[in-house]
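Accompanying notes for the structure given below.
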2 protein chains.
Amino acid sequence: MPTIKDVAERAGVSVTTVSRVLNNRGYISEATRKKVYKAMEELDYQPNEVARSLFRKRSNIIGLIVPTVAHPFFAELTAYVETYAYSRGYKVLICNSQLDASKEQEYIWMLRRNQVDGIIMASHTLEVEEYRKLNLPVVTFERFISSRIPYVTSDNYQGGKLAVELLLARGCTKIAHMCGSLHLDMLANQRHRAFMDVAESRNVPFFTVETDINVFEIDKYEQMLLALLTEHPDIDGLFLNSDIMAIAAMKVCRKLGRRVPEDVKIIGYDDVSMASLVSPQITTIRQPLAEMSKLSVKLIENMVEGRPVEVENCLPVELVERETT
Amino acid sequence: MPTIKDVAERAGVSVTTVSRVLNNRGYISEATRKKVYKAMEELDYQPNEVARSLFRKRSNIIGLIVPTVAHPFFAELTAYVETYAYSRGYKVLICNSQLDASKEQEYIWMLRRNQVDGIIMASHTLEVEEYRKLNLPVVTFERFISSRIPYVTSDNYQGGKLAVELLLARGCTKIAHMCGSLHLDMLANQRHRAFMDVAESRNVPFFTVETDINVFEIDKYEQMLLALLTEHPDIDGLFLNSDIMAIAAMKVCRKLGRRVPEDVKIIGYDDVSMASLVSPQITTIRQPLAEMSKLSVKLIENMVEGRPVEVENCLPVELVERETT
DNA sequence: AGGCTTGTGTCAACCGGTTAACATACCTTT
DNA sequence: AAAGGTATGTTAACCGGTTGACACAAGCCT
């Protein structure tokens, strides 16, 4: 691989001059500039970002930790984050934690060793202390860790509220909410809070199904839903914490001969592409994933540049009514 | 951030000794080794991989270029590649080309500047010349570029054959295949070759629908399928080049009142998780994505280590019959 | 004529870590 | 006693690029 020395020789100038041209610093005549660019092209030279990173103490890399990028939500999140980050001059190292705390810790250490400029954490939270020691810009996604770590979230309470109110507006009289483990202090728990608040205020009987924190297995969702709907065949409204869970619910309903939305109305969450792809198309609470992703990157960038940032970054959600309600 | 110098001072040894301990090279007494590790822990020191990369001329980074990681197939591919690569000591830079040739070229340059050890290319191919100039291990995914660039693929012809034969075995008398643009020299075109060969050999009328190369828009799939099935209402078998297309086909059938599989039998491709999640569950040709991903990483690793590799790496496919046939 | 600006080169140090060569000291074995 | 092995330190160079300080030359303006 050609180096700056090769370019200098080819152009007949000094290494310092080539560096001046590369960085557009100092006095440079047009003739010299052209000569240097010509040499770079002839040698097919591109500056070594590793060497530059070492000197500048900045890698222009963002680490993105997700539970698994195979999950449609995190797949779309990753696509938005990378697309926007790249447009801002950043590269994205993707890490799949599989919701394993020790693996998450390993990734954090790896990202630290690789001098990433910042980390977008969309996975399980470690102890607060681990983040404090990082000395590195961190933005969490739908997770509150401490009042010193910025996080991007959407209005989860409003999302839960919109969902339950629609179920009730559509005539549901017995509803259920499937969510993650409520023992984990996640911002998404507010959806459940809203679910309960509204159901209780309207005297509507409700059930809660908590999936195990470490399970992304669709089979599990289906088993739990099957058990729920078998035990309570009069449940006529389901609110699920993701579109994927909603799809699983549709499948279980079909298996039980329960028509959607005639017999059971279903509302998912996120509004991933799959929600409008399947039939019937899923009514869902849309999180502004593109905006949230862009905001995550912006927060990292601001922190890297030393600009002040808000700790809480909450975006509005939107009810997207389709065919399952 | 603490450096090796800080560790040396804290441990009361030389930088060279710390380096000897870090790399387990040269004579080192147990007492000194303990002392150094203790200092590293006390200072929360981790070696700077950027500095190491510069010296070793190796970054342990693999660049993965996909059309978009938001697409379920590429999401799962990315998850497998990253998971396996990480277990082998590699980090993965994710790049979404959006099937834009100029963006693809930009990413290749970026990855080159960042001294990645290799590139797994799962996106649109550039001109062969661009790859030859790279001087860097490249493995393509489902794409043949030249006899000097290894590629990982599955038995596309067999996949097409299995699909059509199943359609015919299930009594289909008029079938259609939806695939990408056949003008692009893709290995997946062999599925269509098999589709035609079998249909022709059995005197079964068939149609082909080519999606525009640069479209991942589900709406387009639906429009094309709607037009096809409206114009040819007697088509009773559909073979589609991805499970996502298959889901779109199911949706269109539902819209037209065509029951699946009673009126129209559907076979997808890939066997992404979604294929078994939706209802009815999709019959599909399963590509061994986990193995293909692992193989991609192994090929990169072998090329990096200077070991000989096969150019053609073709894995078998498998018919997974579910509810749409 | 002198001062200022433009343009380029030289030199050295640095970013963090690696490593070869050699020096020194101590211990063990022949 | 001598040779070889163990253990640690010193020195210097390197990986590729950046950059400040200064030198030197040429041209322009006051």
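The values are calculated or read from the model by the stated rules, or taken from the named source; none is laboratory data. Predicted model, so just to flag it, every value in this text is computed and none were measured. Positions of Cβ are generated from backbone atoms using ideal geometry, with glycine treated the same way; all protein chains shown enter the neighbour counts. Keep in mind that these areas ignore ligands, DNA and RNA; they rest on the heavy atoms of the full protein, side chains included. Shrake-Rupley method; radii C 1.70, N 1.55, O 1.52, S 1.80 Å.
So what's the projected area for the range B:38-172, the Cα convex hull averaged over all directions, in nm²?
12.1
Report the FRET efficiency, 1/(1 + (r/R0)^6), for B:S102 and A:F144, where r is their Cβ-Cβ distance and R0 is 45 Å, rounded to 0.05.
It comes to 0.65.
With each label point set 7 Å from Cα along the Cα-Cβ vector, what nm distance links A:R307 and B:K38?
4.7
What's the long-distance tail for the range A:156-288, i.e. % of Cα pairs beyond 19 Å?
Percentage above 19 Å: 43.
At 222 nm, what value in deg cm²/dmol follows for chain A if DSSP H runs of at least 4 each add -39500 (n - 2.57) and the sum is divided by all its residues, to the nearest 500?
-14000 deg cm²/dmol
In degrees, nearest 10, range 0 to 90: what is the angle between the Cα axis of helix B:289-304 and the longest Cα principal axis of chain B?
40
Return the distance in nm (one decimal) between the two label points of a simple spin-label model at B:F55 and A:D212, each offset 7 Å from Cα along Cα→Cβ.
Distance between the two pseudo-spin positions: 4.5 nm.
Provide a list, ordered by number, of residues in the range A:58-73 showing at least 20 Å² less accessible area with every protein chain present than when their chain is taken on its own, using a 1.4 Å probe.
In the range A:58-73, residues shielded by partner chains: A:I61, A:V69, A:A70.
Past 31 Å, Cα to Cα, is the threshold; run A:K161/B:K220; B:K103/B:K294; A:K5/B:K103 against it and keep the listed order. Don't skip to the answer; put the middle values down first.
On the way: A:K161/B:K220 34 Å; B:K103/B:K294 26 Å; A:K5/B:K103 29 Å.
The answer is A:K161/B:K220.
Heads up, I need the accessible area for B:W109: 1.4 angstrom probe, whole protein in place, Å², nearest 10.
B:W109 has an accessible surface of roughly 110 Å² with all protein chains in place.
Please compute one quarter of the surface area of the Cα convex hull for chain A and express it in square nanometres. Kindly include the intermediate steps, with their values, before the conclusion.
On the way: hull surface 79.6 nm².
Here the figure is 19.9 nm², rounded to one decimal.
From the P(r) of the protein assembly as shown, can you give the percent of Cα pairs sitting at distances over 34 Å?
On the way: 107244 of 210925 pairs.
For the protein assembly as shown, the share of Cα pairs beyond 34 Å comes to 51 percent.
Given DSSP loops and a limit of at most 15 other Cβ atoms within 10 Å, what is the longest stretch of chain A that contains no such GluC sites (Glu not before Pro)?
A:1-126
Where is the GNM fluctuation largest for chain B (alpha-carbon springs, 10 angstrom cutoff): B:A163, B:A188, B:A79?
In the Gaussian network model the winner is B:A79.
Past the 19 angstrom mark, what percentage of all C-alpha to C-alpha distances in the range B:240-324 do you count?
48
Any idea how far the Cα center of the range B:19-35 sits from the one of the range A:228-285, in Å?
So the two Cα centres are separated by 60 Å.
Hey, how many Å between the Cα centroid of the range B:96-157 and the Cα centroid of the range A:96-172?
Comparing the Cα centres of the range B:96-157 and the range A:96-172, I get a distance of 33 Å.
As I understand it, the dipole of the range A:4-47 uses +1 on the Cβ of Lys and Arg and -1 on the Cβ of Asp and Glu, about the Cα centre. Which of A:Y37, A:S19, A:P47 lies farthest toward its positive end?
Going by the Cα projections, it comes out as A:S19.
With a 10 Å cut-off between alpha carbons and a GNM built on chain A, which of A:R33, A:R191, A:R113 moves the most?
Between A:R33, A:R191, A:R113, it is A:R33 that shows the largest mean-square fluctuation.
With an 8 Å cut-off on Cα pairs and a minimum separation of 6 or more residues, tell me the relative contact order of chain B in percent.
17
Looking at chain B as a GNM with Cα springs under 10 Å, which of B:V198, B:V309, B:V21 has the largest mean-square fluctuation?
Checking each option, the largest mean-square fluctuation is seen for B:V21.
For the pair B:N24 and B:L256, how long in nm is the line joining their label points, each one 7 Å along Cα→Cβ?
Result for the modelled spin labels: 6.3 nm.
What accessible surface, in Å², does a 1.4 Å probe find on A:C253, ignoring ligands, DNA and RNA and rounding to the nearest 10?
Its accessible surface works out to 0 Å², give or take rounding.
Only Lys, Arg, Asp and Glu count, each charged at its Cβ (+1, +1, -1, -1), so figure out the dipole size of the range A:39-121 about its Cα centre, rounded to 20 debye.
That gives a dipole near 420 debye.
Using the crude model of +1 on Lys and Arg Cβ and -1 on Asp and Glu Cβ, and no other charge, please compute the dipole size for the range B:156-288 relative to its Cα centre, in debye to 20.
360
Could you compute how much accessible surface B:F144 exposes when probed at 1.4 Å, giving the result in Å² to the nearest 10?
90
May I ask you to list the chymotrypsin sites (Phe, Trp or Tyr not before Pro) in the range B:1-73 that are in a DSSP loop and have at most 13 other Cβ atoms within 10 Å of their Cβ?
B:Y27
Taking the Cα centre as origin and putting +1 on Lys and Arg beta-carbons and -1 on Asp and Glu beta-carbons, what dipole magnitude results for chain A, to the nearest 20 debye?
The calculated dipole for chain A is roughly 1420 debye.
Report the accessible surface area buried between chains A and B, summing both sides, using a 1.4 Å probe on protein heavy atoms only, in Å² rounded to the nearest 100.
Summing both chains' loss of accessible area gives about 5000 Å².
In whole percent, and with a 1.4 Å probe on the protein chains, what portion of the accessible area of chain A is carbon and sulfur? Each step should come with its number before you reach the end.
Numbers: 6680 of 13950 Å².
Percent of accessible area from carbon and sulfur atoms in chain A: 48.
Per residue, how large is the accessible surface of the protein assembly as shown? Use a 1.4 angstrom probe and give square angstrom.
Working: 27880 Å² over 650 residues.
Per-residue value: 43 Å².
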